1. Consider only pairs whose beta carbons are under 6 Å apart and that are at least six residues apart or on different chains; among these, list those whose first residue lies in segment 109-125 and is acidic (Asp, Glu) and whose second residue is assigned to a strand (DSSP E or B) and buried (at least 23 other Cβ atoms within 10 Å of the Cβ).
2. Given (1) within 17 Å of the chain's Cα centre (by Cα); (2) assigned to a helix (DSSP H, G or I), where does GLU91 come up short, assuming only one miss?
3. Only one of these is surrounded by 17 or more Cβ atoms within 10 Å (Cβ to Cβ), within 23 Å of GLU106 (Cβ to Cβ) and in contact with a Lys or Arg (Cβ under 7 Å, 6 or more places away or on another chain): PHE69, PHE21. Name it.
4. Please tell me if LEU101 is at pLDDT 95 or above and either aliphatic (A, V, I, L, M) or under 22 Å from GLY67 (Cα atoms) (or both).
5. Any residue in segment 133-145 that is more than 23 Å from PHE69 (Cβ to Cβ), in a loop (DSSP other than H, G, I, E, B) and not polar (S, T, N, Q)?
6. Looking at segment 15-41, which of its residues are part of a loop (DSSP other than H, G, I, E, B) and either of a type in the set (S, T, N, Q) or under 16 Å from the mean Cα position of the chain (by Cα) (or both)?
7. Looking at segment 118-132, which of its residues are in a helix (DSSP H, G or I) and acidic (Asp, Glu)?
Amino acid sequence: METELTKLLQIKHPIIQAPMFLVSNVAMVKEAMNSGIAGCIPALNYRTLDELKVALRELKAAKPKGGAFGFNLIVNKSNVKYKGQLDVICEEGCDFIITSLGNPAETINRAHEVGIKVFCDVVDLNFAKKVEDLGADAIIAVNNEAGGHRGNIAPEKLIKELKVHCNIPIISAGGVGCKADVDKMLGYGAAGVSVGSPFIASEEANVTEEYKQACVDYGADDIVMTERISGTPCTVINTPYVQKIGTKQTWLESILNKNKKLKKWVKMIRFSIGMRATEKAAKQATYKTVWVAGPSIEYTTRILPTKQIISRLVG
């Protein structure tokens, strides 16, 4: 199927394997490219810039005709590694960058200088127009069915609104677990979709079997929003531990977040603490487990190779 996204990235199917913190890796992206879709990895999945460089070189060497790969950058001040990550990505090269949680202006300018396309996460028309004006190549429309840091607008409403008012491709993120969902988003006017949660339960994912099995055992009705991970509402599986600790920020965080001078620092601290807790949950199973996922795990009935999950999406 040819769409603006397939033409933009020269891929067979209008699907991006979404970047997922701790989950996405080179093995998954290789399978994505070999199956005719694009794959993306968060730069934060690599502790050092040298590790990031090795991953970029490995993916470039493995890239087949009709495949594409990219990296996700957190572009706000909470990511102290951002500048170095951007330098490495621009030096080594990839097909695209997805920006999240901040002003993408610098990333767009630097990436375009070396021929890398930039897609920007947005949750509404206001941000979509801003990134379009900055020169983004496409918009990642994060709707209210996405996993992780989601938006607040339903897929149909968000896609149609952006389609009317924006002149660059719209890539819908959230609520896609099978081919019928892909077709639905394209029918609303999207040029493609970004799919994450179904790939958590892939054989290639670098997370515990318990995390993968949780995506099999739980479904859409078991996804809740929590403020306890990054300071920004995030979707997680409603495990007994999540039920025990609650999903709201602490009373102290609530008070500090009302102070304009302290708010930024509170968010940075919460982000750092939350990321460490999420990493621990992904790498080892304990009773204190918080697993990030979206409602599209509804379609996950067993742990499968990445290529079989992609087959479910492309039909």
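1. Qualifying pairs under 6 Å: ASP121/ILE140; ASP121/VAL142.
2. (1)
3. Details: PHE21 fails: in contact with a Lys or Arg (Cβ under 7 Å, 6 or more places away or on another chain).
Sole residue among the options that is surrounded by 17 or more Cβ atoms within 10 Å (Cβ to Cβ), within 23 Å of GLU106 (Cβ to Cβ) and in contact with a Lys or Arg (Cβ under 7 Å, 6 or more places away or on another chain): PHE69.
4. Values: at pLDDT 95 or above: no; either aliphatic (A, V, I, L, M) or under 22 Å from GLY67 (Cα atoms) (or both): yes.
No.
5. There is at least one residue in segment 133-145 that is more than 23 Å from PHE69 (Cβ to Cβ), in a loop (DSSP other than H, G, I, E, B) and not polar (S, T, N, Q).
6. From segment 15-41, those part of a loop (DSSP other than H, G, I, E, B) are 18-25, 35-37; that's our starting set.
Selection gives ALA18, PRO19, MET20, PHE21, LEU22, VAL23, SER24, ASN25, SER35, ILE37.
7. Step one: filter segment 118-132 for residues in a helix (DSSP H, G or I), giving 125-132.
If the condition is that a residue be in a helix (DSSP H, G or I) and acidic (Asp, Glu), then GLU132 is the only one that fits.
A quick yes/no check of all residues on (1) within 27 Å of VAL224 (Cβ to Cβ); (2) in contact with a strand residue (DSSP E or B) (Cβ under 8 Å, 6 or more places away or on another chain); (3) in the same structural domain as ASN79 (by TED's automatic domain parsing):
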position: ILE97; (1), (2), (3): no, yes, yes
position: ASN143; (1), (2), (3): yes, yes, yes
position: LYS160; (1), (2), (3): no, no, yes
position: VAL176; (1), (2), (3): yes, yes, yes
position: GLY189; (1), (2), (3): no, yes, yes
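The values are calculated or read from the model by the stated rules, or taken from the named source; none is laboratory data. Please read all numbers here as calculations on a predicted model, not as lab measurements. Glycine also receives a Cβ, built like all others from the backbone with ideal geometry; neighbour counts cover every protein chain displayed.
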